[in-house]
Structures are given as C-alpha cells and as structure tokens.
Amino acid sequence: LFYWPGIQGRGEFVRLALEDAGAAYVEVGRLPEAVGGGAAGIMQYMTIGSGPKPFAPPYLEHGGLFIGQTANILAYIGPRLDLVPADEPSRITAMQHALTVADLVTEVHDTHHPVASRLHYEDQKPEALKRAAAFIKDRMPKYLGYFERTLVEAGGETMLGGPTSYVDLEMFQVVEGLRYAFPRAMKRIEKTTPRLLALHGRVAKRPRLESYLASDRRLPFNEDGIFRHYPELDV
Ligand SMILES: N[C@@H](CCC(=O)N[C@@H](CS)C(=O)NCC(=O)O)C(=O)O
C-alpha cells in the first residue's frame, strides 16, 4: 500500500479493509526513506515501470499491477478479502457507495482547502468559513441521511443487506472522521442517523479492527489529513 506517511487520509479506507481481513501488506510510506519508503518512496513508485501509473495516492501494488483511486482499490481487494458479495449487483452497488464516499471525502477536504490544495489553510480561511458552513448545513445532512436511508432499506444491519462489506467499514470511517472534524455539528446531525451509528459501533467491535484501532498502526487524526478539526469551521 502506497500512501502518505503520518495521516489517515484516503489511505485509511484501504487500511481498514486490509486490517479487517487480516491481510499481509506493507505500508511503503511508513518504511524509512533509506529503503525506498517515506513520502519520497511514494512519489518514486508512482512513476516507475511501463504500465499505467496512478494519478495520486493511495495506490496499491499487487502482482505487478499498480491500482489507483480509493474506490477502485476497494473494488479490487473486496472480492479477494471476502469483503463484498460475489454477485454483480452487489459489487456494482458497493462501488457506487464507495464513489459516493469519495465525493463526500472531497467535499470534506474542500471545507479547509476550498481555493487550492497547495495553499495553506490560513491562506484561504474566509473561503473555508463559507464553504464549511454550507457543508455542515446542507451537504453533511444530505450525505448522512442518504447513508442512513440506504442502510434502513437494506434491512438496517449492513449497507448491502448481506454480510459485512468494505462499504460498512467505510461508514465507520465516515462517522469517525466527521465526529473528529465537526463534533458540534455531528452531535446534532447524528441524532437523525441511529442505524448508521449502530453500524459504526458494530464495525468498531470487529475483532481484528478492534485490535487495529488500539494499535499504533492506526494513526491519530490530525490537521494534515482530510478530516481536520478547526473549531472555527464547526459552526
Ligand atoms: N479520487 C482519488 C483522489 C486521490 C487524492 O486526491 N489523493 C491525495 C491524497 S489523499 C493526493 O495526494 N493528491 C495529489 C494530487 O491531487 O495532486 C481517490 O479517491 O483516491
């Protein structure tokens, strides 16, 4: 797995699936630079070989194939880790939900970086205040309401209505991330999503994930990642 060291970010959606399945994987970004790890290693591997290159981390190398885009990585590893049912409708639906999560994640990123990713947050604060206010008022309830309805319509236990899938793990991370970034807003909005919260609780108690979450492999949220806590944005 190739992802920036030091943050959960988008890579965390992939880590959760790998950890839940007990898969053996190497996190290249967390290896020393001297052996090809660190941020330099991540950049370097994005350009080597003659095959198609990923646009941005996270990406995964498996059997010589470099796979980019979080949702696409999950669609690739899901069947191999037994984290998505075998039938095509389930797989397409899982991918659809993963892409919706990717949209949400981009909007969360844009609350603190509404103008440009390469500028510091401090250099786009007035725009961030406006963007975050709109996100909290309209978008956050819309996404969470959609996930809640989807879960209820699927029977209330899992997002696909069958065994636990990578989409359920993603829901855990969405709730965790939004609670970290926007605790005040989330406290209000999550009153309307009881089934999603129950799913979050069940995922957290899955034995391998429970030990992963308590380990130092699970990086803490911080203000370099996607879900950042700036109290002034949590209006
Ligand atoms: N849609 C992609 C977005 C990938 C992405 O934006 N990655 C970030 C880190 S979380 C990055 O390093 N982007 C560099 C860039 O966009 O130039 C995904 O879901 O994987």
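The values are calculated or read from the model by the stated rules, or taken from the named source; none is laboratory data. Everything numeric in this text was worked out from a predicted model, so none of it was measured. Backbone-built Cβ (ideal geometry, glycine too); neighbour counts: all protein chains shown. Side chains are part of the model used for accessible areas, which takes the heavy atoms of the whole protein and leaves out ligands, DNA and RNA. Shrake-Rupley method; radii C 1.70, N 1.55, O 1.52, S 1.80 Å.
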Notebook entry, point to check: Among all residue pairs at least 6 apart or on different chains, which show Cβ distances below 8 Å where the first residue, located in the range 65-84, is polar (S, T, N, Q) and the second is in a loop (DSSP other than H, G, I, E, B) and open to solvent by 40 Å² or more (accessible area, probe 1.4 Å)?
Noted result: GLN69/PHE55; THR70/ARG10
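From the list MET95, MET43, pick out the single residue that is in a helix (DSSP H, G or I), within 15 Å of the ligand (Cβ to nearest atom), open to solvent by 20 Å² or more (accessible area, probe 1.4 Å) and at pLDDT below 95.
Working: MET95 fails: at pLDDT below 95.
That would be MET43, the only listed residue that is in a helix (DSSP H, G or I), within 15 Å of the ligand (Cβ to nearest atom), open to solvent by 20 Å² or more (accessible area, probe 1.4 Å) and at pLDDT below 95.
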Margin query: Within the range 46-64, take every residue that is in contact (Cβ under 8 Å) with a residue 40 or more places away in the chain and either under 17 Å from LEU16 (Cα atoms) or more than 15 Å from the ligand (Cβ to nearest atom) (or both) and give me the one that is nearest to the chain's Cα centre (by Cα).
Written below: PRO58
Next item on the list: Please verify whether the range 102-112 includes one or more residues that are more than 15 Å from the ligand (Cβ to nearest atom), more than 24 Å from TYR212 (Cβ to Cβ), without any contact (Cβ under 8 Å) to a residue 60 or more places away in the chain and surrounded by 14 or more Cβ atoms within 10 Å (Cβ to Cβ).
Entry: no
Checklist line | Top-ranked residue in the range 1-16 [being under 18 Å from GLU61 (Cβ atoms), more than 10 Å from the ligand (Cβ to nearest atom) and assigned to a loop (DSSP other than H, G, I, E, B); ranked as most open to solvent (accessible area, probe 1.4 Å)] | finding: PRO5
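Given the condition in contact (Cβ under 8 Å) with a residue 24 or more places away in the chain, away from the ligand (no atom under 11 Å from the Cβ), assigned to a helix (DSSP H, G or I) and within 18 Å of TRP4 (Cβ to Cβ), answer yes or no: does some residue in the range 113-122 qualify? Please lay out each step first, then the result.
Within the range 113-122, the first condition is being in contact (Cβ under 8 Å) with a residue 24 or more places away in the chain, and the residues that meet it are 121.
In the following step, the residues that additionally are away from the ligand (no atom under 11 Å from the Cβ) were identified as 121.
Now drop any that are not assigned to a helix (DSSP H, G or I), which leaves 121.
Filter once more, so that each one left must be within 18 Å of TRP4 (Cβ to Cβ): 121.
Yes, the range 113-122 contains a residue that is in contact (Cβ under 8 Å) with a residue 24 or more places away in the chain, away from the ligand (no atom under 11 Å from the Cβ), assigned to a helix (DSSP H, G or I) and within 18 Å of TRP4 (Cβ to Cβ).
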